[in-house]
Amino acid sequence: MRGVRVRLSAEERLARARADLRMGVPVFLSAGPETAVAAAAETLGADRLAALRASGGELVLVVTARRAETLHARAYDGDIARIVVPADAGVGWILATADPSRDLDRPLKGPFRTLRGGDSTLHRIAIALAKQAHLLPAMLVVAAPPPPADSEITRIGAGAFSTAQPEAFALAPVAQAPVPLAVSRAGRVHVFRPLSGGEEHYAVEIGAPDRDRPVLTRLHSACFTGDILGSLKCDCGPQLHAALDQIAAEGAGVLLYLNQEGRGIGLANKMRAYSLQDQGFDTVEANHRLGFEDDERDFGIGAAILQQMGFSAVRLLTNNPRKVAMMEAAGLHVAERVPLKVGRNPINEGYLAVKAAKSGHLL
């Protein structure tokens, strides 16, 4: 009797690949004739490293150009660098190269030999997967033939990234219910789930906003440390509560709570960035040393949620012009930018100064 065979969609394969990488399991990548096996540097074990080496191909550690700059490694591919892993390098060498929190312990690394020329498509796919999985953007990649047909390794083709819908355009409403709030008893929480298998996002609707008029809206990125713990390192908690107060005072509006912690890099990487800040780096510099851009968030997710809720225009509570631009680009008209200047304290003065100077926030 034949077993049930299920054909996975592009989104399902990508979700499985992200989960595998977080557990330290390699994935198989392909783009045309090019094939390779990739594993996350952060979760790599000695046995997996040995298995990658056994393939016989040249093992490379792929990092972003941001991380390569810190390492003084040549990024011949522009946005990434393919560092050749020495034959005698173990897991410790790989982690020290990938993780900036170890830079002070091992300040003298290199010189590195980086590859130049050849197709780097699979290496870019590997970095994209690491970022989506909220892992350090550092991946071990080795050219390898396709696995046997009955192999359980997750296979990702370059086409999966072109056919899978971006999260911003693949969100489904899954539940909603009235939730009386301290600021307003007329609260309702909507839950939206990405078809990609990513984290859910929430819309807090207060009152009965008119769908035919610009709605007072706040796009708030999750901040565990600020929103829940009351951290003084940022202004997130005060912004969250001030936005709810302002929406409630007007009687109607929407606050979107987007699970894009740490400007989209995830809580673990955000804590790594905090550790780097304690070493003297500012917010942007810390992100770059980790291998990330200044801001990895996608505010198109917020636009998609609002459009599903029936809104076409907003009055946006923000100090960030980038949010306005991304909402407009996603097809949602921003009728007005409403400033939200709260939460300044002696501890976050430097953080706010960097937001203004390097990220363009209007503070």
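The values are calculated or read from the model by the stated rules, or taken from the named source; none is laboratory data. Computed from a predicted structure; not experimentally measured. We place every Cβ from the backbone using ideal geometry, glycine too, and count neighbours over all the protein chains shown. We work out accessible area using only protein heavy atoms, side chains counted, and drop any ligands, DNA or RNA first. Shrake-Rupley method; radii C 1.70, N 1.55, O 1.52, S 1.80 Å.
If a/c stays under 1.5 just call it rounded; otherwise compare a/b with b/c (prolate if a/b is bigger, oblate if not). Do that for the stretch 160-239, with a ≥ b ≥ c from the square roots of the Cα gyration tensor eigenvalues.
It is oblate, given that a/c is not under 1.5 and a/b is not larger than b/c.
Within 10 Å of each candidate Cβ there may be at most 12 other Cβ atoms; applying that plus a DSSP loop requirement, which GluC sites (Glu not before Pro) in the stretch 146-252 survive?
Numbers: sites: GLU152, GLU167, GLU199, GLU200, GLU205, GLU250; in loops: GLU152, GLU199, GLU200.
Here the sparse-neighbourhood loop sites are GLU152.
If you keep only loop residues by DSSP, which trypsin sites (Lys or Arg not before Pro) in the stretch 82-182 have at most 16 other Cβ atoms within 10 Å of their Cβ?
LYS109, ARG113, ARG116
Within the stretch 227-363, what whole-number % of the accessible surface is contributed by carbon and sulfur, with the 1.4 Å probe and all protein chains included in the calculation?
56
Identify which of ALA273, ALA133, ALA335 has the largest mean-square fluctuation in a Gaussian network model of the chain, with springs joining Cα atoms closer than 10 Å.
ALA335
If I model a spin label at ALA177 and ARG344 as a point 7 Å from the Cα along the Cα→Cβ vector, what separation in nanometres do I get?
4.2
Counting only other residues whose beta carbon sits under 15 Å from that of LEU340, what net charge do I get with K and R as +1, D and E as -1?
Spelling it out: positives minus negatives among the neighbours equals +3.
Going by Cα centres, the stretch 255-285 and the stretch 337-363 are how many Å apart?
Cα centroid of the stretch 255-285 versus Cα centroid of the stretch 337-363: 15 Å apart.
May I ask for the Kirkwood hydrodynamic radius of the chain, worked out over all distinct Cα pairs and given in angstroms to one decimal?
Value: 22.1 Å, from the Cα pair sum.
Mean-square fluctuation check for the chain, GNM, Cα pairs under 10 Å: which of HIS134, HIS241, HIS220 is largest?
HIS241
About its Cα centre, how strong a charge dipole does the chain have in debye, to the nearest 20, once Lys and Arg get +1 and Asp and Glu get -1 at the Cβ? If you can, show how the numbers build up before the last one.
On the way: 41 positive and 39 negative charges, 36 e Å.
The calculation lands at about 180 debye.
Around ASP77, what is the net charge, scoring Lys/Arg as +1 and Asp/Glu as -1 over all other residues with Cβ under 11 Å from its Cβ?
Values: positive: ARG74, ARG82, ARG116, ARG124; negative: ASP79, ASP119.
Computed value for this residue: +2.
State which helices in the chain qualify, where a helix is a whole DSSP H run, it must extend 20 Å or more along its own axis by its Cα atoms, and its mean Kyte-Doolittle hydropathy must be at least 0.0.
236-250
Picking from ILE305, HIS220, ALA126, whose Cα lies most toward the positive end of the charge dipole for the chain (charges on Cβ: Lys, Arg +1; Asp, Glu -1)?
With unit charges placed on the Cβ atoms, the residue in question is ALA126.
Please give the Cα centre distance for the stretch 171-206 versus the stretch 1-50, rounded to the nearest Å.
32
Might you tell me the accessible area per residue for the chain, computed with a 1.4 Å probe and given in Å²?
46
At q = 0.15, 0.17, 0.21 Å⁻¹, work out log10 I(q)/I(0) for the stretch 246-363 with the Debye formula, treating every Cα as an identical point scatterer and leaving solvent out; two decimals please.
The Cα Debye sum returns log10 ratios of -0.77, -0.96, -1.28.
Looking at GLY251, PRO173, LEU44, which one has the Cα that reaches farthest to the positive end of the dipole of the chain (charges on Cβ: Lys, Arg +1; Asp, Glu -1)?
Selected residue: LEU44.
I need the peptides 36-44, 87-95, 351-359, 15-23 ranked by packing, meaning the mean over residues of other C-beta atoms within 10 angstrom, with the highest value on top.
36-44, 15-23, 351-359, 87-95
Taking 0.36 nm per residue of sequence separation and subtracting the Cα-Cα distance, how much length would be gained by fully extending the chain between ASP245 and ALA51, in nm to one decimal?
Numbers: separation 194, 0.36 × 194 = 69.84 nm, distance 5.58 nm.
That pair, ASP245 and ALA51, stretches by 64.3 nm at full extension.
Taking every DSSP beta bridge with both residues inside the chain, roughly what % is antiparallel (nearest 5)?
70
State whether the stretch 223-264 is rounded, prolate or oblate according to the following rule on the C-alpha gyration tensor (a ≥ b ≥ c being the square roots of its eigenvalues): a/c under 1.5 gives rounded; otherwise a/b larger than b/c gives prolate, and the remaining case gives oblate.
Note, shape of the stretch 223-264 comes out oblate.
How large is the helix-only mean residue ellipticity at 222 nm for the chain, computed as the sum of -39500 (n - 2.57) over DSSP H runs with n ≥ 4, divided by its residue count, in deg cm²/dmol to the nearest 500?
Values: 13 runs with 123 residues, N = 363.
After summing the helix terms and dividing by residue count, I get -9500 deg cm²/dmol.
Where is the GNM fluctuation largest for the chain (alpha-carbon springs, 10 angstrom cutoff): ALA186, ALA329, ALA54?
Evaluated over the chain, the most mobile residue of the options is ALA54.
Straight distance only, please: which aspartates and glutamates reach the Cα of LYS270 with their own Cα at less than 14 Å, same-chain residues fewer than 8 apart left out?
LYS270 reaches ASP99, GLU261, ASP278, ASP282, GLU285, GLU293, ASP294, ASP295, GLU296.
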